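Since the structure comes first, as structure tokens, the remarks are kept for the end.
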Amino acid sequence: QITSKVSEYLKPKPPSIKESALLKGLKVAEKGKGIRNFAIETAQKTGKKVSGGNVFKTIETELKDMKSGLTSPEAKQIDELIKRAKTFYKGKALNPETAKKRWDLATQGFKDSGKTGDTVKAAYHRAIRDGLRKELERVSPGFEKGTATIREGLELEKLLKPVRQGQQRKLIRKGLGETPSKALELVKRVGSGAAGAAGTILLLRLLGWT
């Protein structure tokens, strides 16, 4: 038993990954956000306009293309949604910032509709998002690149977050064996370095101090 314990103790431990590396996904996403915001702000300042007519054409085309596979009530719903989109977009010229806000709403609407299983509403929001995306890239080059970079960063964050949290838990367990003052100092270090105030609150809850 002693020999096995010694062998286990001497077994090489996997090196801890630097926290800066574990935050790379968030940093990449933040970079993408900066690229996209700069593109929108520049287009706004220079008076560029998003063609609502072109946005509507995309919406109308995408929704009509899916009608053949729908039930009669669903097809009727599609017609109503096309009419609604027409009032918001056809013949309109949108400021880039307004178009971006609508793109955000459509993106969220697509996600929410997917969760509830409303395929018609999901298709409607997707069509709006697609139409706005094309026109935003046309008047504010860099919008697509920024969005793709954000997506890349968030995908990377999905992989790195569990590793980062695992290392934090190890630090917490170590801190529990120390005096309360030292453990509290440890919580402050981890919270400020990883997730700021939100991270600190989470760690305090894990320790049972809140």
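The values are calculated or read from the model by the stated rules, or taken from the named source; none is laboratory data. All of these numbers come straight from a predicted model, not from anything done at the bench. Heads up, the Cβs are rebuilt from the backbone with ideal geometry, glycines too, and the neighbour counts pull from every protein chain shown. We work out accessible area using only protein heavy atoms, side chains counted, and drop any ligands, DNA or RNA first. Shrake-Rupley method; radii C 1.70, N 1.55, O 1.52, S 1.80 Å.
Given the criterion charged (D, E, K, R), buried (at least 18 other Cβ atoms within 10 Å of the Cβ) and either farther than 16 Å from ARG126 by Cβ or more than 20 Å from the chain's Cα centre (by Cα) (or both), identify the matching residue among LYS76, LYS90, LYS83, LYS100. Matching residue, one of LYS76, LYS90, LYS83, LYS100: LYS100. The residues in the stretch 128-152 that are in contact with a Phe, Trp or Tyr (Cβ under 8 Å, 6 or more places away or on another chain), in contact (Cβ under 8 Å) with a residue 12 or more places away in the chain and open to solvent by 30 Å² or more (accessible area, probe 1.4 Å) can be counted, and the count is 2. The residue pairs whose first member lies in the stretch 66-93 and is in contact (Cβ under 8 Å) with a residue 40 or more places away in the chain, whose second member is of a type in the set (A, V, I, L, M), and whose beta carbons are closer than 6 Å, counting only pairs six or more residues apart or on different chains, are MET66/ALA123; GLU74/VAL120; GLN77/VAL120; ILE78/LEU63; ALA85/ILE59; TYR89/VAL55.
Only one residue in LEU204, LEU171, LEU186, LEU159 is hydrophobic (A, V, I, L, M, F, W, C) and at pLDDT 85 or above, so which one is that? One residue alone meets the criteria, LEU159. Looking at (1) within 30 Å of LYS158 (Cα to Cα); (2) at pLDDT 95 or above, find the lone condition where LYS92 falls short. The failed condition is (1). Of all residues in the stretch 23-47, those satisfying the criterion of being farther than 15 Å from GLU144 by Cβ and either surrounded by 17 or more Cβ atoms within 10 Å (Cβ to Cβ) or of a type in the set (A, V, I, L, M) (or both) are LEU23, GLY25, LEU26, VAL28, ALA29, GLN44.
As for the stretch 132-139, it holds no residue that is acidic (Asp, Glu), closer than 15 Å to LYS57 by Cα and under 18 Å from the mean Cα position of the chain (by Cα).
Among the residues of the stretch 70-109, those that are of a type in the set (A, V, I, L, M, F, W, C) and within 18 Å of THR58 (Cα to Cα) comprise ALA75, ILE78, LEU81, ILE82, ALA85, PHE88, ALA93, LEU94, ALA99, TRP103, LEU105, ALA106.
Of all the criteria given as (1) touching a Gly at 6+ places or on another chain (Cβ under 9 Å); (2) not in a helix (DSSP H, G or I); (3) not aromatic (Phe, Trp, Tyr), the one not satisfied by PRO141 is (1).
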